[in-house]
Every structure is written in structure tokens, then in C-alpha cells.
Amino acid sequence: MEFEDRLTIATPEGVDLELTLAGVGSRFTSALIDYLIQLVILIALALVLGLGVGLKANASGYAAAIWVVLGFLLFVGYDIAFEVLASGRTPGKRLNGLRVVLENGGPVTFPASAVRNVLRLIDLLPGTYLVGIVSILVSSRNQRLGDHAAGTLVVRERRVLPPEPVLRSYRGDVHAPVWDTSAIGVDELTAVRAFLARRDSLTADARAQLAAELAKWLRPKLGGGVADEPPELFLERLAAAKADRA
């Protein structure tokens, strides 16, 4: 039996976004994979620095200093680079279906990633990740100290099969369907337009979930036949239909 911690976030569009928080076990497994990758890189660096930098008499001292500096940069920069450039996923997190996001469900930013990973030095204390593990266990959102300071969460990725087509941006040329949109109020239309305007700033999972929830909420309010089309296309066509009748 699997127990999951779920978090519901109220979005500006008026739709609740539900996230599944990652627990200690899956986070530890992901971290272990990433540390093994970093260890391989450190060993490779040590071999290179010890064999071929040509520093002669002081080679070992210079090599050790360079190795320590590069090791620290790897320790901090590895996670930051992957989290910012790979949508919150290091190789270890990707293998375990985890992702780092901001507390509002948005994609992690460089400053947030930098804070959470620099503070990993404290979470690692006293050398067995004890501080981080205790922090995750006592936190209502499964956050270690770095997550608290950075305002981030580690969540499980939603598995959606088959994937729905994703429209990259609102298109003004979307065909306005002949729908009876009289039951769609101003607040509901505002929610649709707000989603279309900011969807590119959401993670793929949050974007798909919000679109699906909005479409599920609004489809029954339309009179006449409504095609069973992808949620984002439906929302675009709904916005176009309301604009056409404004």
C-alpha cells in the first residue's frame, strides 16, 4: 500500500492545483543516484589532475587545490544546473519521477535553486543527511531546510497517458465556434483568459491539470453540441466564442 502526501494550491484562475509531495524514500534514492554520478565525475577529475596537468614539483598540491574547488562547484552547481535547465529534474529525480517546483506550482528559478542547494551543506549535517531527513519528516510539506528557505517543493510528476496536445500560446486566429456561451459569466471568462495568458509560465503538469479542470468545469455550461477536443483547444475556442459575441 502506498501512502501519498497531497497538497492543494489555489491558483489565480480559481482552480485548485493538486500536487503529490515526494517522501523521504524517493528523495533519498534520487539523491543517491545523483551522488554516484558526481562521485564518478570526481574520480575522473582526480585521475586527470593527477596524471596530466604538468605542474611538476608542486603538482600534487596544486592538483589537490584545484580538485577541491572543482568538487565544491560540482556539489553545488550540479543540482542548480539540472533544476534550472531541465525543468526541476536532476538525473536521479528524473529516474524516480520527481521534480522541484516553487511553492505556487511554478517552475523553479535560478535564485530559488541556488538557495536550496547551497543550504544543502546544512541539511547534510552531521554527514548522514540527518538534519534534512528530520526536517522533511516534521514538515507539513515534506520540505528540508533548503526548501523552506527557497520556497520550493519536491513533487511527484503526474503520469498522463496518452499525452494531450499542448498549444504553445494563445492564437488570435482560433475559429470561433457557434456555441451558446450565455451561461459563461465574467468571472469564468476571466479565469480562462488568465490561464491562457500565463500557461507558459506553469510546469507541464500544472498546465495540463489546470486546463483539464477548467474544461471539465465549463463544458457543461455551454448550450448545443460541444466537441470532445483537447482542454487547451477548448478553452481557446471558448475565449474566441465569447470575444466574437462581445
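The values are calculated or read from the model by the stated rules, or taken from the named source; none is laboratory data. Just so you know, these numbers come straight off a predicted model, no measurement behind them. Every residue, glycine among them, receives a Cβ derived from its backbone with ideal geometry; neighbour counts consider all protein chains shown.
Listed here are the residues, each with its yes/no results for (1) touching a Leu at 6+ places or on another chain (Cβ under 8 Å); (2) farther than 15 Å from Leu153 by Cβ; (3) without any contact (Cβ under 8 Å) to a residue 40 or more places away in the chain.
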| site | (1), (2), (3) |
| --- | --- |
| Gly88 | no, no, no |
| Leu98 | no, no, no |
| Val108 | yes, no, no |
| Leu121 | no, yes, yes |
| Gly127 | no, yes, yes |
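I'd like to check something: does region 146-159 contain any residue that is loosely packed, with under 11 Cβ neighbours inside 10 Å and either within 30 Å of Glu229 (Cα to Cα) or at pLDDT 70 or above (or both)? Checking region 146-159: at least one residue is loosely packed, with under 11 Cβ neighbours inside 10 Å and either within 30 Å of Glu229 (Cα to Cα) or at pLDDT 70 or above (or both).
As for region 97-116, it holds no residue that is modelled with pLDDT under 90 and within 16 Å of Tyr35 (Cα to Cα).
Conditions tested, residue by residue: (1) farther than 21 Å from Ser87 by Cβ; (2) surrounded by 15 or more Cβ atoms within 10 Å (Cβ to Cβ); (3) under 24 Å from the mean Cα position of the chain (by Cα).
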site	(1), (2), (3)
Val192	yes, yes, yes
Thr203	no, yes, yes
Leu214	yes, yes, yes
Leu218	yes, yes, no
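When restricted to residues that are in a helix (DSSP H, G or I) and either touching a residue at least 40 places away in the same chain (Cβ under 8 Å) or acidic (Asp, Glu) (or both), region 17-34 contains 10.
When we screen Gly92, Gly71, Gly127 for residues that are surrounded by fewer than 17 Cβ atoms within 10 Å (Cβ to Cβ), closer than 18 Å to Ile37 by Cα and in the same structural domain as Ile33 (by TED's automatic domain parsing), the only hit is Gly71.
Residue-wise test of (1) touching a helix residue (DSSP H, G or I) at 6+ places or on another chain (Cβ under 9 Å); (2) modelled with pLDDT of 85 or more.
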site	(1), (2)
Gln38	yes, yes
Ile41	yes, yes
Gly50	yes, no
Gly61	no, no
Tyr78	yes, yes
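Could you say whether any residue in region 192-200 is more than 30 Å from Leu235 (Cα to Cα), part of a helix (DSSP H, G or I) and at pLDDT below 85? No - not one qualifying residue is present in region 192-200. Here Ser140 passes the criteria (1) surrounded by fewer than 19 Cβ atoms within 10 Å (Cβ to Cβ); (2) touching a helix residue (DSSP H, G or I) at 6+ places or on another chain (Cβ under 6 Å); (3) small (Gly, Ala, Ser) except the one numbered (2).
The set of residues in region 178-222 being touching a strand residue (DSSP E or B) at 6+ places or on another chain (Cβ under 9 Å) and of a type in the set (S, T, N, Q) consists of Thr181, Ser182, Ser201, Thr203, Gln209.
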